[in-house]
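Structure record follows, encoded as structure tokens.
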Amino acid sequence: MSQNTTDFPGTSSTSTGTGQTGITGNTGSGAATATGLAQTAQQYGEKISEAAGQAKEFIGEKITVVGDKFKDLKNADLSEVAENAKEYARKNPGQAILISAAAGLLVGLILRGRRS
């Protein structure tokens with residue numbers, strides 16, 4: 001009779017020519033698997049924490065830029081702002097359309113939220 005052996009982490013399985021299969025557990029490997037999972041979870045936690053820190057820095061920088069732009073707009077002449085917008089739209093028509101669509105969507109969502 002031939003004997004086939006298939007090993008999985010934490011178990012050993014043997015099959016004989018009679019169709020019987022025996023599975024035996026290894027109690028030591030269960031603890032090792034739990035330790036490995038804990039280490040993997042800790043590594044993912046560290047990566048997520050690092051990514052969150054980077055996102056916080058990025059958002060902080062962008063908020064500063066937006067704040068500066070608002071200050072510039074507050075102090076600018078409206079005709080000058082309109083002329084700059086027209087010039088930008090001429091140079092970048094695709095982006096101007098996307099920005100307009102996004103602004104319209106936001107205004108629509110805000111107005112729809114007030115009616116509910």
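The values are calculated or read from the model by the stated rules, or taken from the named source; none is laboratory data. Everything numeric here is computed off the predicted structure, so don't read it as measured data. Every residue, glycine as well, gets a Cβ built from its backbone with ideal geometry; the counts of neighbours run over all protein chains shown.
Matching residues to (1) part of a helix (DSSP H, G or I); (2) touching a strand residue (DSSP E or B) at 6+ places or on another chain (Cβ under 8 Å); (3) aliphatic (A, V, I, L, M); (4) modelled with pLDDT of 95 or more:
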| position | (1), (2), (3), (4) |
| --- | --- |
| Ser15 | no, yes, no, no |
| Thr40 | yes, no, no, no |
| Glu46 | yes, no, no, no |
| Val66 | yes, no, yes, no |
| Phe70 | yes, no, no, no |
| Val81 | yes, no, yes, no |
| Asn84 | yes, no, no, no |
| Ala103 | yes, no, yes, no |
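In the range 49-78, the residues that are free of Cβ contacts under 8 Å to residues at least 40 places away in the same chain and on the phi < 0 side of the Ramachandran plot reach residues that are in a helix (DSSP H, G or I) and of a type in the set (S, T, N, Q) with C-beta atoms within less than 9 angstrom, at least six apart or across chains, in these pairs: Ala76/Asn84. Only one entry of Gly30, Gly36 meets the criterion of being surrounded by 10 or more Cβ atoms within 10 Å (Cβ to Cβ), under 26 Å from the mean Cα position of the chain (by Cα) and at pLDDT below 90, and that entry is Gly36.
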